[in-house]
Amino acid sequence: MKKLLYLFPFYCLLLATSCGDDTAVLPEPEVTDLNLTFRANFGDADLDFNTTSYDYEGMEMSISKFDFFISNVALYKNVDGNQEQTELFEIDFIDFTQNNNEVTILNQDLPVGEYDGIVFSIGVPSDLNSQIPGDFSSTHPLGFSNLSHYWADWNSYIFSKIEGRLMPAPGQDEVFFSYHTGSDDFFSGAIEKSLSLNLEVGVTKTINFEIDLQNIFLSGGALDIQTYPHSHSLSETTAATHVVNNYPNSITVN
Amino acid sequence: MRIPTLISIATLIFIIGCGADDDVIDFMPPVGDLTDIPYNPMPYNVEVPIQFPPIPVPPNNALTEAGVSLGRHLFYDPILSVDSSMACAACHLPVGGFTDNQKISFGVGGATGTRSSMSLINSAFYLNGLFWDGRIQSLEEQALLPVEDDVELMHQWGDVEIDLQNHDEYPTMFRQAFGIENVSQISKELAAKALAQFERSIVSAGNSKYDRVIALDEFFTDAEQNGFDMFFDAPGDLPDAECGHCHNAPLFTTNEYFNNGLDAVVSLFDFEDPGLGAVTGNEFDYGKFRAPTLRNIEFTAPYMHDGRFETLEEVIEHYNSGGHTADNLDPLIQPLQLTEENKADLLAFLLTLSDTTTLQNPAYQNPF
């Protein structure tokens, strides 16, 4: 018994040391990186700004600007009938015009594992859309560096811009069109795209987004550009509605 | 006095003289040493008006009291020009909304530039290139150029650095601003940093009538309200003037570049001044220029990159006409069909962007 009493302090020390060891050896979560790459097409062709004429209902069309906000971007996996989401980012600005039609966003430190798809929205969600550029740092996608995409009269950000020219026929005046969408009513809501994605440590994978601008114009019936050349005010919603309705079916993800 | 006596005295003087030299070497600091001057940088606080975020500042050039003060002195000091006849301020006078009110700016000896000077108000927020053609990305880079420009200050930075190092006051000011330890460390890069700090400090005071209305402290007149509604394409019976797309509040610029239909050209390469196109090489950027801020536009005449319009009435008339078409014409440049009353209302609104408290702010005036 006396020997056991001598040993007692050592048992305590051993216990304390082992507790510390347990904390120290907790495994780090396994994480990896993921690229999201965005490209715009016009039908089967890469979108080319200004210099390429595309056929649009028998007329020549060129595109001078195409951009949009993408928001609430998350990977998801289906677990027991429920969707578990891993957020990638809250919002970013995809500007094809200034980036030679290819934008890549790097997402870091994502949990490894298998995912069943990606969910996102086109536009600015209402909680952010109720704010103004001055509420954000100047370099934030919603800040002063992107002041051209806020419209005070709408109390809204401009969610997307598509601009270009249509040459109706020889001898007719060309039509300059500009489709700006915005306000909470034109937020796309969640767009889900399923894919099979296995994120592994040490391997940076890429999800490719392809946006078909031709489909945005044509799906559901060709947008009458000559009749509706602009949608930059809330009193001209025909074209904006057409554009916003067609975003979900014009984006493919692989 | 006999010669041996003279030799003795001369020898004594020589010895004393040598001793004196040793004493000077012992007690004088090394040539150009500035470490005896205190260096206690105090942050410079820039107040911004409603709807503005804090000014963006590069991490390696935080605004300090001493830095802004040095920049202000350099800005107004003709020491930067080859014949000490012109300072930066010659083309950016507060009374002119930080322009020179010239159609085309002049340099040393009357050298003729190619463009009208741009306002510096809120240049801290110019986040998409500087100059009319966007060829420079930061105020620090920008500040380096006019000194050596052949139609501006015509000097050489190497010579400016020597002048500043030998100046009675600037070594102390550089020490206080940047903590340099020796005058030899005065450089064009530090001068540019100081100039950038001063320029970054020139922010709207937020005391224009527009700002007061937005803050609900005042109301527009009917004419101003009509002008506001047309400027921002508000719903209603008034025509859209499409102004706000390129001159969006609260900066009244979107920091973008446009062909606003000023010139008729057969090909995009025919623009007399290629503007952004000369910087990017992109054919569709030819004839595009930065949309300037409209804050204090009342004071910055003449207008456009080449000062072609002497009055705001002429500017409004140009946009009302729809301008000249071109393959890269901005799609919102189109005939506006404004009536004379519409045009007068639009002008009334533009005048609400005047803020003389910014222009008269003592912190922006000539310190000499």
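For the range B:309-329, enumerate the residues that are in contact with a helix residue (DSSP H, G or I) (Cβ under 8 Å, 6 or more places away or on another chain), away from chain A (no Cβ under 14 Å) and not hydroxyl-bearing (S, T, Y). The answer is B:F309, B:L312, B:E313, B:I316, B:E317, B:N320.
Screening B:A89 against (1) free of Cβ contacts under 8 Å to residues at least 12 places away in the same chain; (2) within 15 Å of the chain's Cα centre (by Cα) leaves a single unmet condition, (1). Among the criteria (1) among the charged types (D, E, K, R); (2) within 14 Å of chain A (Cβ to nearest Cβ); (3) buried (at least 20 other Cβ atoms within 10 Å of the Cβ), the one B:D345 does not fulfil is (2). Here B:I50 meets the list (1) aliphatic (A, V, I, L, M); (2) more than 18 Å from the chain's Cα centre (by Cα); (3) crowded, with 16+ Cβ neighbours inside 10 Å; (4) over 25 Å from B:S187 (Cβ atoms) almost entirely, failing just condition (3).
Which residues, counting only those in the range B:87-131, are at positive phi and within 14 Å of chain A (Cβ to nearest Cβ)? B:N122, B:G129, listed by residue number. Residues in the range B:330-342 that are more than 12 Å from chain A (Cβ to nearest Cβ) and over 20 Å from B:F220 (Cβ atoms): B:L336, B:Q337.
Is it true that B:Q365 is within 18 Å of B:D229 (Cβ to Cβ), surrounded by fewer than 16 Cβ atoms within 10 Å (Cβ to Cβ) and not hydrophobic (A, V, I, L, M, F, W, C)? Judged against the criteria, B:Q365 is not a match. Of the numbered criteria (1) touching a helix residue (DSSP H, G or I) at 6+ places or on another chain (Cβ under 6 Å); (2) modelled with pLDDT of 95 or more; (3) at positive phi, the one B:S84 fails is (2). Can you pull out every residue in the range A:162-208 that is at pLDDT below 90 and under 23 Å from the mean Cα position of the chain (by Cα)? Listed by number, the list holds a single entry, A:G189. Kindly indicate whether any position in the range B:227-246 is surrounded by 19 or more Cβ atoms within 10 Å (Cβ to Cβ), in contact (Cβ under 8 Å) with a residue 40 or more places away in the chain and under 23 Å from the mean Cα position of the chain (by Cα). For the range B:227-246, residues surrounded by 19 or more Cβ atoms within 10 Å (Cβ to Cβ), in contact (Cβ under 8 Å) with a residue 40 or more places away in the chain and under 23 Å from the mean Cα position of the chain (by Cα): present.
The values are calculated or read from the model by the stated rules, or taken from the named source; none is laboratory data. The structure presented is a predicted model; accordingly, all values stated were derived computationally and were not measured. Positions of Cβ are backbone-derived with ideal geometry, glycine not excepted, and every protein chain shown enters the neighbour counts.
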